[in-house]
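Shown next, in structure tokens, is the structure this report addresses.
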Amino acid sequence: MENFTELLKTRQSVRKYINKSVERKKIDEIIEACRIAPSASNSQPWKLIIVDDFQLKNQVAEATFDKAVRFNNFAPDANVMAVLVIEKPRLITQVGGFLKNREFPLIDIGIISEHFCLKAAELGLGTCMMGWFNEKQIKKLLNIPRSKRIGLVISLGYAPEDYPLREKVRKSINEMSSFNSY
């Protein structure tokens, strides 16, 4: 990518993947981008689980949809699934969150997810963040303790070369921002 703005404009949710393995070097670069993500009080309240074992990846992917809800049925075509587990934040973050009625770990999961997806896009990979999944099933598959919560599941892989870059339909600048008052 030539610059950050171009990267932002070209990153999109990919819902079709080709059968091409994601290189370990690229996965390592994505993990590093996630590792340096900021978080409230530097709590880093996450555990990133990369699932690249073919059978296990398919089982995790299949846990993102069911017979009634099919919108994530593309997930098994991705070569990698990433699972973001929410960890307990530092005590100061917990106290601050309680006093200010803020869910800082959820904000932090959003930040690390965007680091993941932007780095993947920079490396020529496609991603899709999925909030719909069978948490109990994925936790069992990946030996995640019952007391933990999964924040997001992200598919990762190569999109077909002809995968269309969709126009970003967004609110106008005036609708989504203002200066000095609501």
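Neighbouring Cβ atoms within 10 Å as the yardstick, rank LEU141, LEU7, LEU152 fewest first.
Numbers: LEU141 17, LEU7 14, LEU152 20.
Exposure proxy ranking, most exposed first: LEU7, LEU141, LEU152.
Are there trypsin sites (Lys or Arg not before Pro) in the stretch 146-182 that DSSP puts in a loop and that have at most 12 other Cβ atoms within 10 Å, and which ones?
ARG146, ARG166, LYS168, ARG170, LYS171
Could you give the length gained by full extension between ARG102 and ARG70, i.e. 0.36 nm per residue of separation minus their alpha carbon distance, to one decimal place?
Once the chain is fully extended between ARG102 and ARG70, it gains 8.3 nm.
Using the 10 angstrom Cβ neighbour count as an exposure proxy, how do MET129, MET176 rank, fewest first?
Working: MET129 17, MET176 8.
Fewest to most other Cβ atoms nearby, the residues stand as MET176, MET129.
With springs only between Cα atoms under 10 Å, which of LEU165, LEU156, LEU123 fluctuates most in a Gaussian network model of the chain?
Largest GNM mean-square fluctuation: LEU165.
What aspartates and glutamates does LYS168 reach when the alpha-carbon gap must be under 20 Å and sequence neighbours fewer than 8 apart in one chain are set aside?
Output for LYS168: GLU2, GLU6, GLU114, GLU122.
Return the sequence-ordered ³J(HN,Hα) values of the stretch 172-180 in whole Hz as given by the Karplus equation 6.51 cos²θ - 1.76 cosθ + 1.60 applied to θ = phi - 60°, using x for Gly and Pro.
Computed from phi, the couplings for the stretch 172-180 are 5, 4, 5, 6, 9, 8, 7, 10, 6 Hz.
So what's the back-of-envelope 222 nm ellipticity for the chain, counting only DSSP H runs of four-plus at -39500 (n - 2.57) apiece and dividing by all residues, rounded to 500?
Details: 7 runs with 68 residues, N = 182.
Helix-only estimate at 222 nm: -11000 deg cm²/dmol.
What pairs in LYS26/LYS136; LYS119/LYS148; LYS47/LYS140; LYS119/LYS139; LYS100/LYS148 have C-alpha atoms more than 19 Å from each other? It would help to have the intermediate numbers written out before the result.
Numbers: LYS26/LYS136 29 Å; LYS119/LYS148 26 Å; LYS47/LYS140 16 Å; LYS119/LYS139 26 Å; LYS100/LYS148 23 Å.
From the list (LYS26/LYS136; LYS119/LYS148; LYS47/LYS140; LYS119/LYS139; LYS100/LYS148), the Cα-Cα distance tops 19 Å for LYS26/LYS136; LYS119/LYS148; LYS119/LYS139; LYS100/LYS148.
Compute the separation of the alpha-carbon centres of the stretch 134-168 and the stretch 11-60 and state it in Å as a whole number.
9
Pop the C-beta distance of ILE36 and ARG170 into the FRET formula with R0 = 22 Å and round what comes out to the nearest 0.05. Numbers along the way, then the final one.
Values: r = 27 Å, r/R0 = 1.24.
The value I calculate is 0.20.
Taking the Cα centre of the stretch 21-160 as origin and charging only Cβ (+1 Lys, Arg; -1 Asp, Glu), how large is the dipole, in debye to the nearest 20? List each step's numbers first, then the result.
Details: 19 positive and 15 negative charges, 123 e Å.
For the stretch 21-160, the charge dipole is close to 580 debye.
Taking only C-alpha pairs under 8 Å that are 6+ residues apart, what is the relative contact order of the chain in percent?
On the way: 278 pairs, mean separation 60.2, N = 182.
The value is 33 percent.
Starting from the stretch 1-99, pick out the chymotrypsin sites (Phe, Trp or Tyr not before Pro) whose DSSP state is loop and whose Cβ has at most 15 other Cβ atoms within 10 Å.
Those that pass, being in a loop and sparsely packed, are PHE71.
Excluding SER177 itself, calculate the net charge of residues whose Cβ lies under 15 Å from the Cβ of SER177, where each Lys or Arg counts +1 and each Asp or Glu counts -1. Display every interim value, and only then the final one.
Values: positive: ARG170, LYS171; negative: GLU175.
Computed value for this residue: +1.
Here, each number is a calculation from the coordinates, and none is a lab measurement. Computed from a predicted structure; not experimentally measured. Cβ atoms come from the backbone with ideal geometry, glycine included; neighbour counts cover every protein chain shown.
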